[in-house]
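Heads up, the thing below is written out as structure tokens.
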Amino acid sequence: VADRAVVEVRGLTKAYRRRGSPPLVAVDRVDLTVRRGEVYGFLGPNGAGKTTTLRMLLGLVRPTGGTASVLGNAPGSRAALEATGAMIEGPAFLPYLSGTANLRVVARYAGVDASRVAPALESVGLAERGDDRYASYSLGMKQRLGVAAALLKDPVLVVLDEPTNGLDPAGMREMRTLVRGLAGRGHTVVLSSHLLGEVQEICDRVAVIDHGRVVLESSVEEMRGGSELVVRATPSD
Ligand code: ATP
């Protein structure tokens, strides 16, 4: 079905057990739908539950309640994994290998043909720096190599956890342009951010998440209309 949702989340919950205290509810009955071709943002402060939600979408964390699916498949299932690329942890590349060589290693582990490496580098603007050592890359280039790794299997869904975190203004600009370009090339993107201005710039729709709950879901157009609620529900930076 052409307009089937890429991601569907219903009542998704994660409670972490804590010795001697009540469980910590990191994600609390989240409902959302991400449509094909959208850039969908989770906006919220540190500890709001963004990373835990993304990890559940990827099958890396098992929910304690509710369901999530990727193109109708359970997270972590073969079909879901084949449809998804992610950059969720800090990049783990080998410093003395080139960008190209690093991606070849990732491709090999992922069972992706090495012919995918060049187009992935190209699509993050690193084609000309592919032969340079990873250690010589700026942080922005390192993060973009992380996105290239996520693109190796040409996934329907690209999941990016705080892709601009720690970048300087130029690096942020490049990453934001890159993310918009992914949607332009038919990928669906789910990302997290703690910057209101950033999600307004690059996302189509945003879920504001606070203490594990989606306190507001809105198209960015509606947000630009200047809802008081959005301003109060987001961090001051
Ligand atoms: P950040 O931007 O800091 O990653 P976040 O919005 O992604 O924040 P999460 O990392 O999802 O938030 O964390 C949500 C809550 O769950 C936090 O209170 C965190 O301490 C807690 N938490 C996360 N992972 C675990 C874990 N493995 N065990 C126990 N508590 C956890």
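Just checking, does region 50-65 include any residue being open to solvent by less than 40 Å² (accessible area, probe 1.4 Å), closer than 25 Å to THR164 by Cβ and assigned to a strand (DSSP E or B)?
no
Would region 13-23 turn up any residue that is under 19 Å from ALA86 (Cβ atoms), within 10 Å of the ligand (Cβ to nearest atom) and open to solvent by less than 80 Å² (accessible area, probe 1.4 Å)?
yes
Run LEU191 past the list (1) within 16 Å of the ligand (Cβ to nearest atom); (2) at pLDDT 95 or above; (3) more than 13 Å from the chain's Cα centre (by Cα) and report the number of the one that doesn't hold.
Of everything listed in (1) within 16 Å of the ligand (Cβ to nearest atom); (2) at pLDDT 95 or above; (3) more than 13 Å from the chain's Cα centre (by Cα), LEU191 misses just condition (3).
Any idea how many residues of region 66-82 are over 23 Å from TYR16 (Cβ atoms) and part of a loop (DSSP other than H, G, I, E, B)?
3
What number of residues within region 188-202 satisfy the criterion of being part of a loop (DSSP other than H, G, I, E, B) and open to solvent by less than 10 Å² (accessible area, probe 1.4 Å)?
0
Please determine whether any residue of region 85-95 is away from the ligand (no atom under 15 Å from the Cβ), touching a strand residue (DSSP E or B) at 6+ places or on another chain (Cβ under 7 Å) and within 28 Å of ARG213 (Cα to Cα).
For region 85-95, residues away from the ligand (no atom under 15 Å from the Cβ), touching a strand residue (DSSP E or B) at 6+ places or on another chain (Cβ under 7 Å) and within 28 Å of ARG213 (Cα to Cα): present.
Among the residues of region 132-141, write down those that are within 16 Å of LEU167 (Cβ to Cβ) and open to solvent by 50 Å² or more (accessible area, probe 1.4 Å).
If the condition is that a residue be within 16 Å of LEU167 (Cβ to Cβ) and open to solvent by 50 Å² or more (accessible area, probe 1.4 Å), then SER138, LEU139 are the ones that fit.
Go through region 103-131 and count every residue that is open to solvent by 50 Å² or more (accessible area, probe 1.4 Å) and not in a helix (DSSP H, G or I).
4
Check region 149-156 and report whether any residue there is crowded, with 20+ Cβ neighbours inside 10 Å and within 18 Å of GLU198 (Cβ to Cβ).
Within region 149-156 (the criterion being crowded, with 20+ Cβ neighbours inside 10 Å and within 18 Å of GLU198 (Cβ to Cβ)), the answer is no, since none of the residues qualifies.
Collect the residues in region 66-75 that are surrounded by 15 or more Cβ atoms within 10 Å (Cβ to Cβ) and aliphatic (A, V, I, L, M), keeping them in residue-number order.
ALA68, VAL70, LEU71
Tell me, yes or no, whether region 60-82 has at least one residue that is aliphatic (A, V, I, L, M) and within 12 Å of the ligand (Cβ to nearest atom).
Yes, because at least one residue in region 60-82 is aliphatic (A, V, I, L, M) and within 12 Å of the ligand (Cβ to nearest atom).
Hey, does region 51-59 have a residue that's under 16 Å from the mean Cα position of the chain (by Cα), away from the ligand (no atom under 11 Å from the Cβ) and farther than 24 Å from ILE202 by Cα?
Yes, that holds for at least one residue.
Quick check: anything in region 31-46 within 11 Å of the ligand (Cβ to nearest atom) and open to solvent by 50 Å² or more (accessible area, probe 1.4 Å)?
Scanning region 31-46, I find at least one residue that is within 11 Å of the ligand (Cβ to nearest atom) and open to solvent by 50 Å² or more (accessible area, probe 1.4 Å), so the answer is yes.
The values are calculated or read from the model by the stated rules, or taken from the named source; none is laboratory data. Remember, predicted model here, so these are calculated numbers, not experimental data. Note that each Cβ is placed from the backbone with ideal geometry, even for glycine, and that neighbours are counted across all protein chains shown. Please note that ligands, DNA and RNA were not included when accessible areas were found on the heavy atoms of the full protein model with its side chains. Shrake-Rupley method; radii C 1.70, N 1.55, O 1.52, S 1.80 Å.
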